[in-house]
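In what follows, a structure is listed as structure tokens, so that the remarks can point back to it.
Just so it is clear, none of the values below were taken in a lab; they were calculated from the coordinates. Worth saying up front: this structure is predicted, and the values here are computed from it rather than measured. Positions of Cβ are generated from backbone atoms using ideal geometry, with glycine treated the same way; all protein chains shown enter the neighbour counts.
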2 protein chains.
Amino acid sequence: MNTIDLISQLDNYHLLTGRTPTALNRFLSQRLKEHGFELTREQWSVLAVLWNGDGCSQQHLANATYRDKPSTTRLLDNLEKEGYIVRKGSEHDRRTNLIFLTGKGQMIKEPVTRVIYQVLDDATKGLSEQDIRMLKSYFDKIFNNIMLQIQ
Amino acid sequence: MNTIDLISQLDNYHLLTGRTPTALNRFLSQRLKEHGFELTREQWSVLAVLWNGDGCSQQHLANATYRDKPSTTRLLDNLEKEGYIVRKGSEHDRRTNLIFLTGKGQMIKEPVTRVIYQVLDDATKGLSEQDIRMLKSYFDKIFNNIMLQIQ
DNA sequence: GCAATATAGTTGCATAACTAACTAAAATAG
DNA sequence: CTATTTTAGTTAGTTATGCAACTATATTGC
């Protein structure tokens, strides 16, 4: 089998197209919806950072959630419109918005996090803790390889 | 550490948000662009199936690329507009479009596939073949778990 | 102190995803 | 053989992504 045909091996193809992460995304979105949260997976990913400590800048959130600034701006637009967060201009740097959770944003932390944790649990059923550590270490290796390649 | 706080462990968070697959997507898109292909990663994923054998239906492509029908319709709209594929109505079933590669669509198979293969190679540098088999088996396990959960 | 540069955030444009609702044609069930 | 159901594909609306260009403010370097 030559190099070209190797790609059509189904598992390499799925690795590259990210079928499993896509499935995990859909599963996560579906579970959030089933539990009555009007919240996208992407919005959750921002809230999860804020639940660890709010009052940070948009740039910080962009870095922490591995997004670019425009995507972060618009996610925050929607989160603000839905009443989960508020933007407050920094007094020290007038370019900066500091992002704070509202009561509504704080209130859903526990129930949403329970759903998220259940998703992770259901998705990794049959994998041992050692398996999951290995999976994460493969991810870390790949992520670092890519970071070295991108500029 | 209680259940709730476990999510904020960074590696669980990254596992759920799919940071590594996202990085791989960007890396793949960037490489395609660097090599002068006016082709998105998603368009490649459709062409890769067609390169394995064209003349299939849109529904088949949707299944093979793990997409829903509307997404597939629009990807094919763009691929057709760019001249990589053509739709031909089936003679046996007038509901069905059969999708064929154009000369342009066939021509880029080899150079694009080389780029794709190099991406996979660069991304998995430092992982042994056994590591990659393990990674795929974890993915399969997770994918199957999710398929059991969805509906 | 001022010009050049860097940083924070926004806006515009194109692509893509998912859901729901729709049209048309085929299959099936009585 | 007609009515119902299923299947193939499209359209519309919302959310999100990535890139490039932009504004406003801070930082720096002479």
Handout entry: helices (runs of 4 or more DSSP H) fully within segment B:34-151 counting 3 or more residues that are surrounded by 14 or more Cβ atoms within 10 Å (Cβ to Cβ)
Key = B:41-51, B:58-64, B:69-81, B:109-123, B:129-149
Problem - Whichever residue in segment A:30-58 is touching a residue at least 12 places away in the same chain (Cβ under 8 Å) and farther than 17 Å from A:Glu110 by Cα and, among such residues, is nearest to DNA strand D (Cβ to nearest atom) - result: A:Glu42
Practice task
State whether one or more residues within segment B:2-14 are surrounded by fewer than 19 Cβ atoms within 10 Å (Cβ to Cβ), farther than 26 Å from A:Ser29 by Cβ and free of Cβ contacts under 8 Å to residues at least 40 places away in the same chain.
Solution key: no
Exercise for the section: Please identify the pairs in which a residue from segment B:81-94 that is within 19 Å of B:Val112 (Cα to Cα) has its Cβ atom under 9 Å from the Cβ atom of a residue that is outside any loop (DSSP other than H, G, I, E, B) and aromatic (Phe, Trp, Tyr), counting only partners at least 6 apart or on another chain. Expected result: B:Ile85/B:Phe100
Problem - Condition check for A:Leu15: closer than 30 Å to B:Ile108 by Cβ, in contact with a Phe, Trp or Tyr (Cβ under 8 Å, 6 or more places away or on another chain) and either within 10 Å of chain B (Cβ to nearest Cβ) or within 11 Å of DNA strand D (Cβ to nearest atom) (or both) - result: yes
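Take the conditions within 12 Å of DNA strand C (Cβ to nearest atom) and within 30 Å of B:Phe27 (Cα to Cα) and apply them to A:Arg133. Does it pass? Step through it out loud before you land on a result.
On the way: within 12 Å of DNA strand C (Cβ to nearest atom): no; within 30 Å of B:Phe27 (Cα to Cα): yes.
In short, no.
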Practice task
Taking A:Gly126 as the residue in question, decide whether it is free of Cβ contacts under 8 Å to residues at least 60 places away in the same chain and over 26 Å from B:Leu24 (Cβ atoms).
Solution key: no
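Would you please name the residue that is nearest to the chain's Cα centre (by Cα), looking only at residues in segment B:43-61 that are of a type in the set (Gly, Ala, Ser) and either more than 13 Å from chain A (Cβ to nearest Cβ) or within 9 Å of DNA strand C (Cβ to nearest atom) (or both)?
Filtering segment B:43-61 for residues of a type in the set (Gly, Ala, Ser) gives B:45, B:48, B:53, B:55, B:57.
Filter again for either more than 13 Å from chain A (Cβ to nearest Cβ) or within 9 Å of DNA strand C (Cβ to nearest atom) (or both), leaving B:45, B:55, B:57.
On the way: B:Ser45: 4, B:Gly55: 19, B:Ser57: 17 Å.
Among residues in segment B:43-61 that are of a type in the set (Gly, Ala, Ser) and either more than 13 Å from chain A (Cβ to nearest Cβ) or within 9 Å of DNA strand C (Cβ to nearest atom) (or both), the one nearest to the chain's Cα centre (by Cα) is B:Ser45.
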Handout entry: Subset of segment A:100-144 that is more than 13 Å from B:Asn12 (Cβ to Cβ) and among the small types (Gly, Ala, Ser) - its residue that is nearest to DNA strand D (Cβ to nearest atom)
Key = A:Gly105
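Quick one: is A:Pro21 within 12 Å of DNA strand C (Cβ to nearest atom), touching a Gly at 6+ places or on another chain (Cβ under 9 Å) and part of a helix (DSSP H, G or I)?
So A:Pro21 fits the description; yes.
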Handout entry: Residues located in segment B:69-84, provided they are more than 8 Å from DNA strand D (Cβ to nearest atom), under 20 Å from A:Thr17 (Cα atoms) and not small (Gly, Ala, Ser)
Key = B:Leu75, B:Asn78, B:Leu79, B:Tyr84
Exercise for the section: Go through the residues of segment A:89-99 one by one and say whether even a single one is touching a Ser or Thr at 6+ places or on another chain (Cβ under 6 Å) and either within 14 Å of chain B (Cβ to nearest Cβ) or more than 9 Å from DNA strand D (Cβ to nearest atom) (or both). Expected result: yes
